[in-house]
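Q: Pasting in a structure now, in C-alpha cells, and then I'll have a few things to ask.
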Amino acid sequence: MEIYERIKILRKNHLKLTQKNFGIRLGVSRDTIGNIELNRLVRLDQKLSLIKLICKEFFVNEDWLLNGNEPIFVEANTFSLDEFVKQHGGTDLELQIVKTYFDLEPNTRRILIDHFKKDLVTAIFENPELVISDITK
C-alpha cells in the first residue's frame with residue numbers, strides 16, 4: 001500500500017472525515033487532499049510538510065504513514081498548557097489567569113462560574129440588543 005492510499009484510509013476509516021473537513025483541520029483545500037489521495041503529487045518532497053502536519057494534528061505514527069509500519073496512532077506524551085495557550089495566541093497574563101483559576105478550590109471555582117453566568121444572563125436581559133460577542137469584548 002502506498003502513502004496516498006494510507007492517507008485516504010486514515011481520513012475515511014479512522015478519522016471519519018470528509019476531504020473538506022480533513023483539509024480544514026490541516027489548513028489546506030479539499031482539492032489538495034483530493035490530489036494527494038489520487039496520487040497527483042507523486043514526489044514525496046511535494047507532500048512531506050503535509051505528512052508531518054497530519055502526524056502532528058492527528059497523532060499519527062509517521063512510520064506508518066510513510067512505510068506502513070504499525071501502529072497507526074501514537075499516544076501523545078504530554079499536554080502542555082503553556083504550549084496550548086501559546087499556539088492559540090494567548091498572552092502571559094491569560095496563561096497566568098487560567099493557572100490561577102485551577103489553583104482555586106473546586107467550590108470557589110463553582111462560585112465564580114455561577115457569578116459569571118448570572119452576570120451574563122443579567123446583561124442579556126437588560127440589553128436584549130447585545131450579542132454575546134459584544135459582552136465578551
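Q: Of the conditions (1) of a type outside the set (S, T, N, Q); (2) modelled with pLDDT under 95; (3) out of contact with any Leu (no Cβ under 7 Å at 6 or more places or on another chain); (4) under 18 Å from Glu2 (Cβ atoms), Lys56 fails just one. Which one is it?
A: Result: Lys56 passes all but (4).
Q: Let me ask something additional. Looking only at the stretch 1-27, count every residue that is surrounded by fewer than 14 Cβ atoms within 10 Å (Cβ to Cβ), modelled with pLDDT of 95 or more and assigned to a loop (DSSP other than H, G, I, E, B) and tell me the total.
A: 2
Q: For the structure I just gave you, tell me whether Phe73 is over 30 Å from Arg109 (Cα atoms) and of a type in the set (A, V, I, L, M, F, W, C).
A: Answer is yes for this residue.
Q: Yes or no: Ile9 over 19 Å from the mean Cα position of the chain (by Cα) and not small (Gly, Ala, Ser)? Reasoning before the result, please.
A: Working: over 19 Å from the mean Cα position of the chain (by Cα): yes; not small (Gly, Ala, Ser): yes.
Yes; evaluated as a whole, the condition is true for this residue.
Q: So, one more: Six or more apart or on different chains, Cβ atoms under 8 Å: show the pairs whose first residue is in the stretch 100-127 and modelled with pLDDT under 85 and whose second is assigned to a helix (DSSP H, G or I).
A: Once the first residue is modelled with pLDDT under 85 and sits in the stretch 100-127, its partners that are assigned to a helix (DSSP H, G or I) give Leu120/Ile132; Leu120/Ile135; Ala123/Ile135; Ile124/Ile132; Ile124/Ile135.
Q: Additional query: Could you grab the pairs with beta carbons closer than 7 Å, sequence gap of 6+ or different chains, first residue in the stretch 69-81 and touching a residue at least 12 places away in the same chain (Cβ under 8 Å), second one assigned to a loop (DSSP other than H, G, I, E, B)?
A: Ile72/Asn61; Phe73/Phe59; Phe73/Asn61; Val74/Phe59; Val74/Asn61; Ala76/Phe59
Q: If you don't mind, there's one more thing I want to ask. Is it the case that Gly90 is surrounded by 11 or more Cβ atoms within 10 Å (Cβ to Cβ), among the small types (Gly, Ala, Ser) and free of Cβ contacts under 8 Å to residues at least 24 places away in the same chain?
A: yes
The values are calculated or read from the model by the stated rules, or taken from the named source; none is laboratory data. All of these numbers come straight from a predicted model, not from anything done at the bench. Note that each Cβ is placed from the backbone with ideal geometry, even for glycine, and that neighbours are counted across all protein chains shown.
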